[in-house]
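See structure below.
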Amino acid sequence: MIIREFGLRQSQKALARPLRHACLRASLSTTTFQDPPTLSPTPTGVPDPSDPGMQSPNAQPQAPSIFSAKRAQTPSRAGGRHGGGARGRPAVPDTTVEDYEEKQRLRRQLGRVGSRLEVTYRPADVFLNPPGPGDVTLELLLASQAHMGHHASLWNPANARYIYGVRQGIHIISLEQTAAHLRRAARVVEEVAYRGGLILFVGTRPGQTQIVTQAARLARACHLFTKWTPGSITNSEVILAGMPMQMLDEHDNPVDGFDRHINERRPLVPDLVVCLNPLENYVLLHECALVNVPTIGVIDTNVEPTWVTYGIPANDDSLRCLAVIGSVLGRAGEEGHRRRLEDARKGVVAWQTPLDVQRFMELQRDNAEREAEVAARQVNKGGSAGPEDSDGGLRDPWAVAAAAQEKDTGGQRGGF
């Protein structure tokens with residue numbers, strides 16, 4: 001049975017195989033007809049749609065396409081690879097210039113058609129054009145993710161007045177409270193800068209360096225983006241000893257003659273501290289509370305609000321939110337500094353000289369008056385025009401005052 005089926009399969013393949021073209025050409029060349037019959041092409045199994053017999057009697061006549069018209073108008077090559085012009089590749093004209101001109105014409109005609117987004121949010125705009133206190137809106141705070149708090153199980157009950165509600169287990173901070181407290185903090189920063197106070201911006205988390213430095217640059221303040229050294233405020237005489245200081249006038253110009261006072265006085269303490277992450281800087285906030293230094297801090301739903309003097313309820317984990325808050329406070333300090341310099345040019349001084357500086361200035365004034373009196377006495381007696389040492393250098397004002405007192409008492413020192 002296997003041999004019989006093999007022969008059947010081979011015979012079917014031999015019968016299904018079409019005639020070769022060589023045999024067909026030989027038969028056509030040897031046979032002569034008076035009217036040559038039309039030979040139908042070898043069936044390929046795919047009907048020709050252009051055949052009238054294959055079309056439906058209800059079919060509508062179709063208009064010639066542009067491709068068929070171009071194909072008919074394009075002359076064929078005279079010769080080709082196979083020697084026939086009909087089998088050659090048609091020559092296509094180069095229309096690159098016309099297409100480019102048409103594209104430019106359509107661009108000029110349709111370039112302004114359509115809508116355009118005028119206001120888009122870009123995170124870099126916070127650093128290129130920082131917003132001010134007047135730019136604080138609920139839309140800006142919402143886009144900055146200032147409303148997102150922590151999980152409801154991690155909340156601090158003291159922040160219940162700042163919480164709007166709970167969504168999917170996360171506390172939502174009220175943006176009305178955030179905007180109001182941010183404007184109040186901006187007002188505090190502006191007034192401290194107007195009074196000539198020293199402001200310190202603190203942000204020690206990764207990514208807060210640029211925020212802190214930009215806010216300090218705008219407000220002409222100090223910044224800290226590394227770990228706080230414990231005791232820098234309560235034990236500043238030891239930790240900050242030898243730090244350079246400078247005495248400025250109301251126009252922020254350096255004043256000479258205070259070198260002795262600067263070397264003897266205690267280091268400076270900030271008048272206001274702005275902390276962006278209170279959780280990591282509890283020691284700093286505690287030291288500020290011990291010496292009565294006001295503080296401003298970003299209070300999230302898991303932070304104790306009593307750690308700072310002026311709290312800003314917002315998301316302290318979002319760099320967008322912290323960038324907006326830092327920019328607003330920096331702009332507020334810049335405005336206070338501008339107002340102070342403008343009033344100084346008008347002769348109005350908005351701040352008072354510290355008591356230790358006033359005492360030093362009074363002592364220097366008394367020493368200058370004594371020195372002038374001693375010089376006048378020596379001139380009247382025919383001596384030198386001024387109190388000088390044997391080497392020609394000017395004496396110390398304290399030594400001149402002691403010499404004058406000794407001369408008045410007749411050479412008795414320390415007597416009653």
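The values are calculated or read from the model by the stated rules, or taken from the named source; none is laboratory data. Just so you know, these numbers come straight off a predicted model, no measurement behind them. Here the Cβ is made from the backbone with ideal geometry for all residues, glycine too, and neighbour counts use every protein chain on show.
Details
- All positions within the stretch 225-237 that are modelled with pLDDT of 90 or more and not hydroxyl-bearing (Ser, Thr, Tyr): Phe225, Lys227, Trp228, Pro230, Gly231, Ile233, Asn235
- Residue match in the stretch 212-220 (condition: surrounded by 12 or more Cβ atoms within 10 Å (Cβ to Cβ) and in a loop (DSSP other than H, G, I, E, B)): yes
- Positions within the stretch 240-251 being touching a residue at least 24 places away in the same chain (Cβ under 8 Å) and either of a type in the set (Lys, Arg) or more than 21 Å from Arg359 (Cα to Cα) (or both), in sequence order: Leu240, Ala241, Met243, His251
- Unique match (being more than 30 Å from Leu138 (Cβ to Cβ), in contact with a Ser or Thr (Cβ under 8 Å, 6 or more places away or on another chain) and either of a type outside the set (Lys, Arg) or touching a residue at least 12 places away in the same chain (Cβ under 8 Å) (or both)) among Pro294, Pro267, Pro313: Pro267
- Hits in the stretch 186-211 (condition: surrounded by fewer than 24 Cβ atoms within 10 Å (Cβ to Cβ) and closer than 23 Å to Gly134 by Cα): Arg187, Val188, Glu190, Glu191, Val192, Tyr194, Arg195, Gly196, Gly197, Leu200, Gln210
- Verdict on Gly336 being in contact with an Asp or Glu (Cβ under 7 Å, 6 or more places away or on another chain) and at pLDDT 85 or above: yes
- Every condition in (1) in the same structural domain as Gln214 (by TED's automatic domain parsing); (2) more than 15 Å from Gln214 (Cα to Cα) holds for Ala350 except the one numbered (1).
- Of the residues making up the stretch 339-373, those that are more than 11 Å from Gly196 (Cβ to Cβ) and touching a His at 6+ places or on another chain (Cβ under 8 Å) are Arg345, Asp356, Val357, Phe360.
- Of all the numbered requirements in (1) aromatic (Phe, Trp, Tyr); (2) more than 25 Å from Arg331 (Cα to Cα); (3) touching a Leu at 6+ places or on another chain (Cβ under 8 Å), Phe201 misses one, and that requirement is (2).
- For the stretch 319-356, the set of residues classified as under 17 Å from Arg220 (Cα atoms) and of a type in the set (Asp, Glu) consists of Glu334, Glu335, Glu342, listed by residue number.
Condition check ((1) farther than 30 Å from Pro131 by Cβ; (2) at pLDDT below 85; (3) surrounded by 11 or more Cβ atoms within 10 Å (Cβ to Cβ)) across all residues:
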| site | (1), (2), (3) |
| --- | --- |
| Gly326 | no, no, yes |
| Glu342 | no, no, no |
| Lys346 | no, no, no |
| Trp351 | no, yes, yes |
| Glu388 | yes, yes, yes |
| Arg395 | yes, yes, yes |
| Ala403 | yes, yes, yes |
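- Filter result (of a type outside the set (Phe, Trp, Tyr) and under 11 Å from Asp300 (Cβ atoms)) within the stretch 140-162: Ala146, Met148, Gly149, His150, Leu154, Asn156, Asn159
- Test: residue in the stretch 249-268 that is in the same structural domain as Ile312 (by TED's automatic domain parsing), at pLDDT below 90 and part of a strand (DSSP E or B): yes
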